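Notes to accompany the following structure.
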Amino acid sequence: MIAATGFERKNVAVLGLGRSGLATARSLEAGGAHVFAWDDAEAKRAEAAKEGFTLADSSGWDWKTFAALVLSPGIPLTHPEPHAAVKKAKGAGVEVIGDVELFQRAVAASGKGARIVAVTGTNGKSTTTALIGHMVRRCGGDAQVGGNIGRAVLDLDAPSAGTVYVVEVSSYQIDLAPSLAPNVGVLLNITPDHIDRHGTVEHYAEVKARIFAHQTEKDTAVIGIDDPRTGEICTHEGARRVEKVVPVSVGKTLSRGVYALGGVIYDSMGTQTVKAGDLGEIKTLAGAHNWQNAAAAYAAGRALGYPRERIFAAFESFPGLAHRMEIVGEADGVRFVNDSKATNADAASKALATYDNIYWIIGGKAKEGGIASLEEWFPRVRRAYLIGDAAKQFAETLKNKVETVHCGTLDRAVEAASRDAAADEAELKIVLLSPACASFDQFSSFEERGDVFRAAVQERLKVKGGAAA
């Protein structure tokens, strides 16, 4: 655990007691603060009470007594309207921050020389964070990976001289981290998202860009430039000439930066362009979206001082991210891919763009817009297997475009898709769970949905004698 600094013998309010909120409360107490905690959910309060935290309803807090309000990233800071506690805190001149801010301050105050790699973007940040963490470990570093993925940042091990913190940060977390200053900041892409929490896509982009706001000439900004908003941010950061700026692109040759063409990564940050390595045979980094992730991770690795050869050796052993185009088994030319984390159409498009001969398991609790935006990928789909609440709606969208099978449940879909794929004479067939939906109609989370898929596949392969991943 990382002990929060700067609040010894001071009162600090913690609002929101989920995974990061409880870690925050522990961290503050370890640093000597007096914590007053609250969550509107009774179950969360009960969990905090078991750990001995002082619970006090936020509506009755005396703001004159608090040094800070540490807000869960899930609680509105600005839009659609600030939480009542945020309004009262700001009215009393109390700073409103999040766990990433406490993390940044503690690492800086430690004087240990630990480095921070912070990764953000609308898509791909979890895979990129996991890939960089894997790379750091394979290159001999002490990687501590967490944030918006896995462990809460304040639950990570305390800093030491060799520590490299690789943290995924959401726009909500950046908004609550006014002094965030990573040694390497990575911004992958920006597409409209979380507008309900940021008001406009312009504000969303502005918040994402703050990841670079406090970098110095010793730091590196790695920026994907394949969408207009990140391109503008890269131009702005280049004009500031404070930190080192590394543009990243997929499908476009850069005179300066890191780029991927057909799965080959090129490095043009030196006096001449060199071929850094080929991703073509790395199954866990298939597809153009993963080429961007890998190119950004490569740029981060070079900024950390790792040689090209060791970076690509690490890439070759990357196991992939659970539930994100995770290969969970293969037998008789049928590959089973768990993409349960694809909870909307845009996320599902990445897998559909990567494979051919797809036997697509789809459905759940539909998001706004459904799957109409995926029509350009429908020719890659041999058959779709519909599950969950969205089955009827998706059947209508796919009518006369993709043959559909109403399965209702995930286990029946796995059985039907496996049987049909096995009968296909193509060299490689893909049974793909990429639901383009939330999971909450039948599962508690996308993780549970993916675990059920993996277990069903592995049971089938065990019976058939195939290879489970």
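The single condition among (1) touching a Pro at 6+ places or on another chain (Cβ under 9 Å); (2) assigned to a loop (DSSP other than H, G, I, E, B); (3) crowded, with 22+ Cβ neighbours inside 10 Å that GLY113 does not meet is (3). If you go through region 73-80 one residue at a time, do you hit one that is of a type in the set (Ser, Thr, Tyr) and either surrounded by fewer than 21 Cβ atoms within 10 Å (Cβ to Cβ) or more than 14 Å from VAL14 (Cβ to Cβ) (or both)? Yes, the conditions are met somewhere in region 73-80. Against the conditions (1) free of Cβ contacts under 8 Å to residues at least 60 places away in the same chain; (2) buried (at least 21 other Cβ atoms within 10 Å of the Cβ); (3) touching a Lys or Arg at 6+ places or on another chain (Cβ under 8 Å), VAL201 satisfies every one except (2). The criterion of at least 1 residues that are surrounded by fewer than 23 Cβ atoms within 10 Å (Cβ to Cβ) and of a type in the set (Gly, Ala, Ser) is met, among strands (runs of 3 or more DSSP E) falling completely within region 221-270, by 244-250. Among the conditions (1) buried (at least 22 other Cβ atoms within 10 Å of the Cβ); (2) assigned to a helix (DSSP H, G or I), LYS64 misses just one, which is (1). Counting only residues that are within 27 Å of PRO379 (Cβ to Cβ) and either of a type in the set (A, V, I, L, M) or loosely packed, with under 14 Cβ neighbours inside 10 Å (or both), region 412-455 holds 18 of them. Out of ILE149, ILE190, one residue alone is at pLDDT below 95, closer than 21 Å to ILE2 by Cα and buried (at least 18 other Cβ atoms within 10 Å of the Cβ). It is ILE149. For region 152-182, the tally of residues that are open to solvent by 10 Å² or more (accessible area, probe 1.4 Å) and farther than 30 Å from HIS83 by Cβ stands at 6. Of all residues in region 18-28, those satisfying the criterion of being within 21 Å of the chain's Cα centre (by Cα) and either open to solvent by 10 Å² or more (accessible area, probe 1.4 Å) or under 19 Å from ALA84 (Cα atoms) (or both) are GLY18, ARG19, SER20, GLY21.
Taking the condition of being charged (D, E, K, R) and either touching a residue at least 60 places away in the same chain (Cβ under 8 Å) or in a strand (DSSP E or B) (or both), how many residues in region 271-292 meet it? Going through region 271-292 one residue at a time, the tally reaches 2. Can you pull out every residue in region 439-456 that is in contact with a strand residue (DSSP E or B) (Cβ under 7 Å, 6 or more places away or on another chain) and in a helix (DSSP H, G or I)? Within region 439-456, GLY450, PHE453, ARG454 meet the criteria.
The sole residue among GLU217, GLU168, GLU237 that is in contact (Cβ under 8 Å) with a residue 24 or more places away in the chain, closer than 30 Å to SER268 by Cα and in contact with a Gly (Cβ under 6 Å, 6 or more places away or on another chain) is GLU168. Is it the case, given these coordinates, that ILE211 is open to solvent by less than 20 Å² (accessible area, probe 1.4 Å), hydrophobic (A, V, I, L, M, F, W, C), in contact (Cβ under 8 Å) with a residue 24 or more places away in the chain and assigned to a helix (DSSP H, G or I)? Spelling it out, ILE211 is indeed open to solvent by less than 20 Å² (accessible area, probe 1.4 Å), hydrophobic (A, V, I, L, M, F, W, C), in contact (Cβ under 8 Å) with a residue 24 or more places away in the chain and assigned to a helix (DSSP H, G or I).
The values are calculated or read from the model by the stated rules, or taken from the named source; none is laboratory data. Bear in mind the structure is a predicted one, so any value in this text is a computation, not a measurement. Cβ atoms come from the backbone with ideal geometry, glycine included; neighbour counts cover every protein chain shown. Side chains included, ligands, DNA and RNA excluded: accessible areas come from the protein's heavy atoms. Shrake-Rupley method; radii C 1.70, N 1.55, O 1.52, S 1.80 Å.
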